[in-house]
Amino acid sequence: MARFLLIHGSCHGAWCWRDVLPHLHAAGHRARAIDLPSHGDDPTPAGAVTLDLYADVILAAIDAAWDDGAEDGPLVLVGHSMAGYPVSLAAERAPEKIARLVYLCAYVPAQGLSLADMRRAGPRQPLLDAIQRSADGLTFTIDPEKAVEKFYHDCPEIAGYALPRLCPQPILPQETPLMLTDAYGSVGRHYILCTDDRTIPPEYQSTMTGGWPEGRVSTMDSSHSPFFSAPAELAARLVRIAEGP
């Protein structure tokens, strides 16, 4: 039995894992999803959110007691999209608490670069025309007219559930450079590349994982939101990663 902690990406919340959690539970595993600060039901003001705070919340969730009374141990930490940065920082700070680090069509940090730096350095920026920056410069939102095209084009039926839940994304965490050491490098990393992603270019996902060991990168024929378009397949993939080397 494995433990999974699922971390959402920009403008989303724990709600986006709604369809994946039941599959992980049905397979006999323990799994939970959390809201990062200022996302979902979390009331933290956007101006108070930092990349460090994201990592603090993730580590607190790892340390929190689980309700089933089973013995806790290192877990599988899954980060979607922008969550590649905070899950990496969490692994840097406490590698002994994480058995596997899974990037789900996520940004893999490059030394000394922020997530925004990496997005700008990509071969193209398909999300750029959907970003709406707030007047105070603290957050951005996604144009609701373009959200389905960018996030959910292969599962448009989810729009009625997802679009009202999309929230402003604090900008500061994404403009914060990250430096990682061998502590982070000691954690086993896996990547799930989404071949029909219209938010992070699939070819860029491939570039970010160049040189990774064989078997550590797998693909799904999915949009940027496999948790909605293929939740059973995604859950099965996570279980295989948890049970593998």
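Can you confirm whether Ala183 is part of a helix (DSSP H, G or I) and in contact with a Cys (Cβ under 8 Å, 6 or more places away or on another chain)? Walk me through how you get there before you give the answer.
Details: part of a helix (DSSP H, G or I): yes; in contact with a Cys (Cβ under 8 Å, 6 or more places away or on another chain): no.
Answer is no for this residue.
Assess whether Ser222 counts as being within 18 Å of the chain's Cα centre (by Cα) and part of a helix (DSSP H, G or I). It would help to see each step written out before you state the result.
On the way: within 18 Å of the chain's Cα centre (by Cα): yes; part of a helix (DSSP H, G or I): no.
Answer is no for this residue.
On the given criteria, is Val148 out of contact with any His (no Cβ under 7 Å at 6 or more places or on another chain), hydrophobic (A, V, I, L, M, F, W, C) and in contact (Cβ under 8 Å) with a residue 24 or more places away in the chain? Give the steps one after another, and end with the answer.
Values: out of contact with any His (no Cβ under 7 Å at 6 or more places or on another chain): yes; hydrophobic (A, V, I, L, M, F, W, C): yes; in contact (Cβ under 8 Å) with a residue 24 or more places away in the chain: no.
Spelling it out, it is not the case that Val148 is out of contact with any His (no Cβ under 7 Å at 6 or more places or on another chain), hydrophobic (A, V, I, L, M, F, W, C) and in contact (Cβ under 8 Å) with a residue 24 or more places away in the chain.
Looking only at residues that are of a type in the set (A, V, I, L, M) and either crowded, with 19+ Cβ neighbours inside 10 Å or in contact with a Ser or Thr (Cβ under 8 Å, 6 or more places away or on another chain) (or both) in segment 22-47, which one is farthest from Ala83 (Cα to Cα)? Break it down into steps so the answer makes sense when it comes.
Let us first name the residues in segment 22-47 that are of a type in the set (A, V, I, L, M), namely 24, 26-27, 31, 33-34, 36, 46.
Add one more test, that the residue is either crowded, with 19+ Cβ neighbours inside 10 Å or in contact with a Ser or Thr (Cβ under 8 Å, 6 or more places away or on another chain) (or both), and what stays is 24, 31, 33-34, 36, 46.
Values: Leu24: 20, Ala31: 17, Ala33: 12, Ile34: 12, Leu36: 9, Ala46: 16 Å.
This residue is Leu24.
Select from segment 137-162 the residues that are under 20 Å from the mean Cα position of the chain (by Cα) and among the small types (Gly, Ala, Ser) and write down the one among them that is nearest to His39 (Cα to Cα). Quick ask: steps written out before the conclusion?
Taking segment 137-162 as the starting set, the residues that turn out to be under 20 Å from the mean Cα position of the chain (by Cα) are 139-142, 147-155, 158-159, 161-162.
If we keep only those that are among the small types (Gly, Ala, Ser) too, we end up with 147, 159, 162.
Working: Ala147: 17, Ala159: 18, Ala162: 13 Å.
Of everything passing the filter in segment 137-162, Ala162 is nearest to His39 (Cα to Cα).
Mind checking which residues of segment 225-241 are in contact (Cβ under 8 Å) with a residue 12 or more places away in the chain, within 16 Å of Arg3 (Cβ to Cβ) and surrounded by fewer than 21 Cβ atoms within 10 Å (Cβ to Cβ)?
Of segment 225-241, the ones in contact (Cβ under 8 Å) with a residue 12 or more places away in the chain are 225-229, 231-239, 241.
So of that shortlist, the ones also within 16 Å of Arg3 (Cβ to Cβ) come out as 235, 238-239, 241.
Matches in segment 225-241: Val239 only.
For Tyr184, only one of the following conditions fails: (1) closer than 18 Å to Ser225 by Cβ; (2) out of contact with any strand residue (DSSP E or B) (no Cβ under 8 Å at 6 or more places or on another chain); (3) of a type in the set (Phe, Trp, Tyr). What is its number?
Every listed condition holds for Tyr184 apart from (1).
Mind telling me which of the residues Glu214, Glu203 ends up being surrounded by fewer than 19 Cβ atoms within 10 Å (Cβ to Cβ), of a type outside the set (Phe, Trp, Tyr) and part of a helix (DSSP H, G or I)? I'd like the intermediate steps shown before the answer.
Values: Glu214 fails: part of a helix (DSSP H, G or I).
Matching residue, one of Glu214, Glu203: Glu203.
So, in segment 52-81, exactly how many residues are in contact with a helix residue (DSSP H, G or I) (Cβ under 6 Å, 6 or more places away or on another chain) and surrounded by 21 or more Cβ atoms within 10 Å (Cβ to Cβ)?
6
Residue by residue through segment 102-125, note down the ones that are more than 22 Å from Pro177 (Cβ to Cβ) and surrounded by fewer than 18 Cβ atoms within 10 Å (Cβ to Cβ).
The one that is more than 22 Å from Pro177 (Cβ to Cβ) and surrounded by fewer than 18 Cβ atoms within 10 Å (Cβ to Cβ): Arg124.
Between residues in segment 188-214 that are within 20 Å of Ala90 (Cβ to Cβ) and aromatic (Phe, Trp, Tyr) and residues that are modelled with pLDDT under 95 and surrounded by 16 or more Cβ atoms within 10 Å (Cβ to Cβ), which pairs lie under 8 Å by C-beta distance while being six or more apart or on different chains?
Nothing qualifies.
Just to be sure, is Gly112 over 15 Å from the mean Cα position of the chain (by Cα), modelled with pLDDT under 95 and small (Gly, Ala, Ser)? Before you say what the answer is, go through the steps one by one.
On the way: over 15 Å from the mean Cα position of the chain (by Cα): yes; modelled with pLDDT under 95: no; small (Gly, Ala, Ser): yes.
Judged against the criteria, Gly112 is not a match.
Pull out all pairs, ordered by first then second residue, where Cβ-Cβ is under 6 Å, the residues are six or more apart or on different chains, the first lies in segment 22-42 and is under 15 Å from Arg165 (Cβ atoms), and the second is aromatic (Phe, Trp, Tyr) and surrounded by 19 or more Cβ atoms within 10 Å (Cβ to Cβ).
Note: pairs meeting the criteria are Ala33/Trp17; Leu36/Tyr54.
Checking the structure you have, find out if any residue of segment 130-152 is assigned to a loop (DSSP other than H, G, I, E, B), modelled with pLDDT of 95 or more, farther than 27 Å from Thr50 by Cβ and among the hydroxyl-bearing types (Ser, Thr, Tyr). Break it down stepwise before answering.
Start the filter on segment 130-152 by keeping residues that are assigned to a loop (DSSP other than H, G, I, E, B), which leaves 134-138, 143, 152.
So of that shortlist, the ones also modelled with pLDDT of 95 or more come out as 134-138, 143, 152.
Now drop any that are not farther than 27 Å from Thr50 by Cβ, which leaves 152.
Going one step further and asking which of them are among the hydroxyl-bearing types (Ser, Thr, Tyr), we end up with 152.
Yes, that holds for at least one residue.
The values are calculated or read from the model by the stated rules, or taken from the named source; none is laboratory data. Just so it is clear, the model here is predicted, and its values are computed rather than measured. We place every Cβ from the backbone using ideal geometry, glycine too, and count neighbours over all the protein chains shown.
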